[in-house]
Amino acid sequence: MGKPRVLSGVQPTGNLHLGNYLGAIRNWVDGQANFENFFCVVDLHAITVPHDPATLAQDTRAIAALYLACGIDLNHATIFVQSHVSAHSELAWLLNCITPLNWLERMIQFKEKAVKQGENVSVGLLDYPVLMAADILLYDADRVPVGEDQKQHLELTRDIALRVNHQYGREDAPVLKVPEPAIQKAGARVMSLTDGTKKMSKSDPSPLSRISLLDPPDEIVKKIKKCKTDPVRGLAFDNPDRPECNNLLGLYQILSGQTKEAVAAECAPMGWGQFKPLLTDTVVAALEPIQTKYHEVVNETGYLDGILRQGRETAEAVADATLLRVKDALGFSRPL
Ligand code: TRP
C-alpha cells in the first residue's frame with residue numbers, strides 16, 4: 001500500500017495572504033511527507049466570476065511559485081495547473097449530468113456570491129462545486145485539506161461520488177473513491193486587519209485588510225500601523241469584545257512559534273504602541289524566507305515551466321486513468 005493521497009488547490013485570484021498560508025498551505029507543508037500530494041492551481045475556478053485575461057496566466061504562475069516558496073517539496077508533491085489537465089473539465093461535464101440541480105442551489109457559497117453578482121451570475125459559478133468534485137475524484141484522493149468554508153463542497157463531492165458508485169458501480173468495484181474531508185482547525189483562522197470579526201479575504205476591497213505573502217517590509221509596517229485595535233490597555237486572548245486583539249495576538253503567537261501561554265504572559269502588560277512593532281518585526285521575519293525563495297523560483301528562467309510540465313505529466317497519468325474508468329462505467333464507446 002502506498003501513502004494516502006492528498007489533493008488540494010488554491011484559486012489564482014490575486015496573491016496569497018497570511019490567512020491562506022496559515023489556514024491552508026502551512027498545514028499542507030507540515031504533513032506532506034506522510035502523503036502522496038497533488039497541489040493544483042485551480043485556474044478554471046478563477047473564471048467563475050469576471051476575471052482579467054491579462055493577468056490570469058501570471059497569477060497562476062505566481063501561486064505555483066508560492067507553493068514552492070512556502071515549502072512544498074517536490075519529493076512528496078506534484079504541483080500542476082488545473083487547466084493543463086483537460087480531464088478536469090471533462091469529468092466535470094460527466095458529473096454535471098448526474099448531479100441534481102437542487103444540490104447546487106443549496107450551496108451557501110453560491111448563494112453568497114450570487115447575491116453580490118446580481119443578474120450577471122454565470123452557470124459556471126453555480127457549477128463550481130462540481131468542477132471541484134472532479135478535481136478531487138480524478139485523483140482518488142483520500143484526504144482533502146481545506147478551510148471550514150469549503151466543508152459543504154466536500155460533502156457534495158462525497159455525495160456525487162456515492163451517487164456515481166450507486167448508479168454505475170458494482171458493490172465490489174466502486175467507480176470513484178469517496179474522499180475524507182480534512183477540515184483545518186479554527187486555530188489558524190486569520191481575521192481581517194480592518195475588522196476582527198471578518199475572515200482575512202482576497203475579495204475584501206481594502207488591501208489594508210490583509211497582508212500578502214509578497215508584501216515588502218515597508219508595506220507590512222504600514223498595514224500593521226493602520227490596523228484596527230481598541231482603546232483598552234493590556235492585551236489578552238479570547239475576549240469576545242476584543243476580536244482584533246485576539247486576532248493580532250494569535251498571529252504573533254503562530255508566527256513567533258511560541259505557546260499561547262507564553263504570548264499571553266508576555267503581552268499582558270503591553271499597550272498597542274509596544275505590541276505593534278513587535279508584531280511587525282515578527283511578520284517581516286516570518287515572510288522573509290518565503291519571499292527570498294519566491295524570487296529565486298521566478299527569476300530562474302525555465303525552472304517553474306519545467307516543474308509545471310512535469311506536474312502536468314504526472315497529474316495527467318492519474319487523471320486520465322480515472323476519467324477512462326468513469327467513461328467505461330457510463331457506457332461510452334472507446335475511440336479506436
Ligand atoms: N474551492 C476551493 C477554495 O476556494 C478551491 C478548490 C478548487 C479546491 N478545487 C479544489 C480545494 C479541490 C480542494 C480541492 O478554497
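List of remarks:
- Residues satisfying the stated conditions in the range 283-297, i.e. of a type in the set (Val, Ile, Thr) and crowded, with 17+ Cβ neighbours inside 10 Å: Val283, Val284, Ile290, Val297
- Residues that are of a type in the set (Gly, Ala, Ser), under 30 Å from Ser212 (Cβ atoms) and more than 18 Å from the chain's Cα centre (by Cα) do not occur anywhere in the range 73-85.
- Per-region count, the range 50-94, residues farther than 18 Å from His17 by Cβ, more than 15 Å from the ligand (Cβ to nearest atom) and of a type in the set (Gly, Ala, Ser): 3
- Residue among Asp149, Asp135, Asp127 that alone is part of a helix (DSSP H, G or I), of a type in the set (D, E, K, R) and closer than 17 Å to Leu323 by Cβ: Asp135
Quick grid of which residues meet (1) surrounded by fewer than 20 Cβ atoms within 10 Å (Cβ to Cβ); (2) modelled with pLDDT under 95; (3) aliphatic (A, V, I, L, M):
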{"residue": "Ala64", "(1), (2), (3)": "no, no, yes"}
{"residue": "Leu95", "(1), (2), (3)": "no, no, yes"}
{"residue": "Asn102", "(1), (2), (3)": "yes, no, no"}
{"residue": "Glu119", "(1), (2), (3)": "yes, yes, no"}
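- Being aliphatic (A, V, I, L, M), modelled with pLDDT of 95 or more and part of a helix (DSSP H, G or I) is a property that Leu74 lacks.
- Of residues in the range 298-323 being touching a Phe, Trp or Tyr at 6+ places or on another chain (Cβ under 6 Å) and not charged (D, E, K, R), the one nearest to Glu219 (Cα to Cα): Gly311
- The residue of the range 1-32 that is nearest to the ligand (Cβ to nearest atom), among those that are among the β-branched types (Val, Ile, Thr) and surrounded by fewer than 23 Cβ atoms within 10 Å (Cβ to Cβ), is Val10.
- Any hit, the range 33-49, residues being part of a helix (DSSP H, G or I), away from the ligand (no atom under 14 Å from the Cβ) and surrounded by fewer than 18 Cβ atoms within 10 Å (Cβ to Cβ): yes
- Of all residues in the range 306-320, those satisfying the criterion of being surrounded by fewer than 16 Cβ atoms within 10 Å (Cβ to Cβ) and touching a helix residue (DSSP H, G or I) at 6+ places or on another chain (Cβ under 9 Å) are Arg309, Asp320.
- Test set (1) within 13 Å of the ligand (Cβ to nearest atom); (2) surrounded by fewer than 18 Cβ atoms within 10 Å (Cβ to Cβ); (3) over 30 Å from Asp328 (Cβ atoms) - Leu125 fails condition number: (2)
- The range 78-103, residues that are closer than 19 Å to Ala321 by Cβ and without any contact (Cβ under 8 Å) to a residue 24 or more places away in the chain: Ser86, Trp93
The values are calculated or read from the model by the stated rules, or taken from the named source; none is laboratory data. What you are looking at is a predicted structure, and each value in this text was computed from that prediction instead of being measured. Cβ sites come from the backbone with ideal geometry, for glycine too, and all protein chains shown count toward neighbours.
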